[in-house]
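Presented below is the structure to which this report refers.
Only the coordinates and a few stated rules stand behind these numbers; no lab work does. Just so we're clear, the structure is a prediction, and the values are computed from it rather than from any experiment. All Cβ positions, glycine included, derive from the backbone under ideal geometry; neighbour counts span all protein chains shown.
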Amino acid sequence: MNALELVNAFTRKKLSPVEALDAVLARVEEVNPRINAIVTLTADAAVESAKKAEAVYMRGEARELEGVPLTVKDLIPVKGVRCTFGSLFYEDFVPDVDAVVVERMKDAGAVIIGKTNTPEFGLVAITDNRVFGPARNPWDTSKTPGGSSGGAASALAAGLSPIALGNDGGGSIRIPSSLCGTFGLKPQYGRVPSWPHITPNYVTLNCEGPMTRSVADAALMMDVLAGPDERDRTSLPAREGSYLSSIGGSMKGVKIAYTDAISPVVESEVASIAAAAAQVFAGMGCEVTGDAPDIPDLSEDLTKLVVLETAAANEDRMDQVDKLFPPYQPFMELPQFLSPLDAVKAYFHREEFWERLWPFFEQYDLLLTPTTTCAAFDIKENQLGPDEVNGVPVTPASWASYTFPFNFSGQPAASVPCGFTGSGLPVGLQIVGGRYREDLVLKAAAAFEEARPWAESRPSI
């Protein structure tokens, strides 16, 4: 059941939050050992929260997400709960504050059941680390769920929770959503406050956001999460209206561009599935055109910023570099070969990119692309991504080349499940909106979900 279904069942006294939690915890016990998605389980606290939620329903005072089980990515602090960031540096760290997004979900009545697996500091688009080991994809446990919110997407797909909190600094919500067949939204930068920054990586790229099994649940979460907070100086003013009420209605006349040419390489099967999905919008009355914005290769800029920010944030620990995830260690030598000008030029390139991009969104309301260059690939020890796509070598950044440009631009973007490969692996369609248009992204995703339902497609695990 998704979150809205649970709330409806709780309200009608057809199901209690305690019963729902019992079912979820039983599912975690059964399945999680095979996928390693939830790395810290908070079962006792969750039971107490579910009991309180049950009493709230009896009083008729339920909030938006009262009693709904929730997972939180292990990069996002929950007060009193171990938060490792997937790093031996923080193996025993227990935060004394909640992140803003956690505060808001608690205030809406959500029941936190645990923390989900992530790569160290969330730096790459797979999920593995030296604290917990790799998360696995429930569609095929030999495959990665992607990253960096890989544990969250894996848990959603396997039925361990109906909703999850993730974050996205280069595709970290959208990539695992695509590889696991779930829905994920990267909001407009600043729409959802991000605080605290214990490890301030991606500080100008990262967005907190919802990961769900239905678009409506993500819209409901956005109604809870969005809005300013003084602790995040980049947070945006409140917007009028409800995201949940924005979904539904006609898509007729919406101008959409589709391309798979942003990336220099993409699996032909993935491209074919995504292109067919884009044409579904033509059947809704949208104007669908094959067109692509002029997006330069920003992969080197992403790598430079990620490595420089990681090194700066952990400057006092660089004598312990051997504790880092082994594939990270060579990258930590990179800062000595970079000058301050290299970092500044990366920000210059970002501005040049926006100058090319904004005129495109004067022509089109939405841009559609494949979410990822390939479907889920085999888990290998100490990997940072696939070695190649379609026989072409790729880097840890370039294989995610459909997603990270829109972290540089800050625009809202989502991944919706749009089909399966011949081997039964999910494929995602990325929907990118103009600035501040999460409402349109959600509306388009909900329209696609209605036209091509995916909720009954579940892994056999």
- Query: Where both partners of a DSSP beta bridge lie in the chain, what percent of those bridges are antiparallel, to the nearest 5?
  - Reply: 65 percent
- Sequence-distant or interchain residues sharing an amide H contact under 5 Å with CYS207, placed H: which? ASP168, GLY169
- Rg/Rh ratio calculated on Cα atoms of the chain (Kirkwood radius): 0.94
- Query: Can you put ARG231, ARG191, ARG174 in order, fewest other beta carbons within 10 Å first?
  - Reply: ARG231, ARG191, ARG174
- Taking 381-394, 37-50 and ranking on average Cβ neighbours within 10 Å, highest first, one gets 37-50, 381-394
- Item | Sequence-distant aspartates and glutamates (8 or more away, or on other chains) whose Cα lies within less than 18 Å of LYS143 | ASP128, GLU267, GLU269, ASP378, GLU381, ASP387, GLU388
- Cross-link partners of LYS106 among lysines (Cα-Cα below 25 Å; sequence separation of 8 or more within a chain): LYS13, LYS14, LYS51, LYS52, LYS73, LYS79, LYS115, LYS186
- Query: So which lysines pass the test for LYS252, namely a Cα distance under 23 Å, with those fewer than 8 places away in the same chain ruled out?
  - Reply: LYS443
- Query: Can you sort LEU21, LEU185 so the residue with the fewest Cβ neighbours within 10 Å comes first?
  - Reply: LEU21, LEU185
- Item | Estimated distance in nm for a label pair at ALA261 and MET318, the labels positioned 7 Å out from Cα along Cα-to-Cβ | 4.2 nm
- In what order do SER415, SER398, SER161, SER460 fall by count of nearby beta-carbon atoms within 10 Å, going from fewest to most? SER460, SER398, SER161, SER415
- Which value at 222 nm does the chain reach when only helices count, each DSSP H run of 4 or more adding -39,500 (n - 2.57), with the total divided by all residues and rounded to the nearest 500 deg cm²/dmol? -10000 deg cm²/dmol
